[in-house]
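Since the structure comes first, as structure tokens, the remarks are kept for the end.
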Amino acid sequence: MDENKQEQMVSIIVPVYNAEAYLPEMIESVIFQNYNNWELLLIDNCSMDNSFEICQSYEKKDVRIRVMQETEKGPAAVRNHGLLAAHGGYIMFLDADDFLADNAVLDRFVNVMKHEEADIVVGNYERLWNGRRFAAASHTSFSELNPDSEDFRFQGFFSVGTLSYVWGKLYRKQFLEKNEAVFENLPYAEDKLFNIQCYLCNPKYAFIQETGYIYRKNDDSISFTYRPNSLECWMAIAYRLQKLLTEKEIKQIHCLKDENAERECLEKKYWGFIYYLIFSIVTKIRLYLLRRRQILPILILFFTLPYYFIPL
């Protein structure tokens, strides 16, 4: 393949698990894109329905579609598999039960990526619920803010939350490889940790106002299911961020030339995300209280949370 063409290719990575009801709509939303320099990586993760067979049927029809299998369960393993297998210079993540908003989505993302020389391009999205589409909160409330500001972090990753999700974005593969960005094996929210790690590597963001992604509100999905291990998951994310700070595992961060100032900048970002995680934990505490489980230990944890996250 021509080197320039490969550099401009969009590799779309899709974890597939028991999604037979939604796969055709998702796959065809990619096939009918005006921008045709793409590859679709459909990675089956031990599906027990006809998902794998559906993927194979589309693979036979279009050479740009590649079907793979990943036996290690979970979206983290599947997405890491996709990152290793991707041929394109741009990376996009798509969930099997969602789809692209219209046939110009890839055109818009690639054009903005090139024009702005961005590392991550972020679009708006809509929710699909009971056959109706509803606009989600727009990124306009934070997209024009300084990325180093607390408001940008809080709104981008929590109150609006657009930056938390891996879908609805286009990533420059070179940026991900340079910073060794991979997905951690977590029960859920691995995409949030991935994007926080990307943020700590000082990417150049660019934003698109148009809707690029349709997110299906699926009541059976992880996002809308009670998780008894949610607190442990958020704690694991916090400790992972602490490790990134204290051991300086992100080697490409150069906030300032002065080492002390650089560390101060990192600590400020770290604590910003710790406050974000505490808010997330509080929402999970509400679920525990509703179920009347372990109320006293949860309250003790709530009041001692900051102690656990103080950098050593």
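The values are calculated or read from the model by the stated rules, or taken from the named source; none is laboratory data. Everything quoted here is computed from the prediction, not taken from an experiment. Neighbour counts are summed over all protein chains in view; Cβ atoms, including those assigned to glycine, are modelled from backbone coordinates with ideal geometry.
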Practice problem: Just need a number here: residues in region 21-49 that are over 22 Å from the mean Cα position of the chain (by Cα) and in a strand (DSSP E or B). | Solution: 0
Quiz item: Given the conditions (1) free of Cβ contacts under 8 Å to residues at least 60 places away in the same chain; (2) surrounded by 15 or more Cβ atoms within 10 Å (Cβ to Cβ); (3) closer than 17 Å to Leu170 by Cα, which single one is not true for Val30?
Solution: (1)
Quiz item: Counting only residues that are in a helix (DSSP H, G or I), surrounded by fewer than 15 Cβ atoms within 10 Å (Cβ to Cβ) and touching a residue at least 12 places away in the same chain (Cβ under 8 Å), how many does region 174-186 have?
Solution: 2
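Let's see how each residue does on (1) within 13 Å of the chain's Cα centre (by Cα); (2) closer than 30 Å to Glu232 by Cα; (3) not hydroxyl-bearing (Ser, Thr, Tyr):
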{"position": "Asn111", "(1), (2), (3)": "no, no, yes"}
{"position": "Val121", "(1), (2), (3)": "yes, no, yes"}
{"position": "Thr140", "(1), (2), (3)": "no, no, no"}
{"position": "Asn146", "(1), (2), (3)": "no, no, yes"}
{"position": "Glu150", "(1), (2), (3)": "no, yes, yes"}
Quiz item: Out of (1) more than 20 Å from Gly272 (Cβ to Cβ); (2) surrounded by fewer than 22 Cβ atoms within 10 Å (Cβ to Cβ), what's the single condition that is false for Asp151?
Solution: (1)
Exercise. Tell me which residues, restricted to region 124-177, are of a type in the set (S, T, N, Q) and more than 24 Å from Ala104 (Cβ to Cβ).
Key: Asn130, Ser141, Asn146, Ser149, Gln155, Ser159, Ser164, Gln174
Quiz item: Within region 111-125, is even one residue in contact (Cβ under 8 Å) with a residue 24 or more places away in the chain, more than 27 Å from Tyr35 (Cα to Cα) and not hydroxyl-bearing (Ser, Thr, Tyr)?
Solution: no
Quiz item: Within the bounds of region 161-173, is there any residue that is β-branched (Val, Ile, Thr) and without any contact (Cβ under 8 Å) to a residue 40 or more places away in the chain?
Solution: no
Quiz prompt | Checking Thr162 against (1) of a type in the set (S, T, N, Q); (2) surrounded by 21 or more Cβ atoms within 10 Å (Cβ to Cβ); (3) at pLDDT below 95, the condition it does not meet | solution = (3)
Exercise. Would you check if Arg132 is surrounded by 15 or more Cβ atoms within 10 Å (Cβ to Cβ) and at negative phi?
Key: no
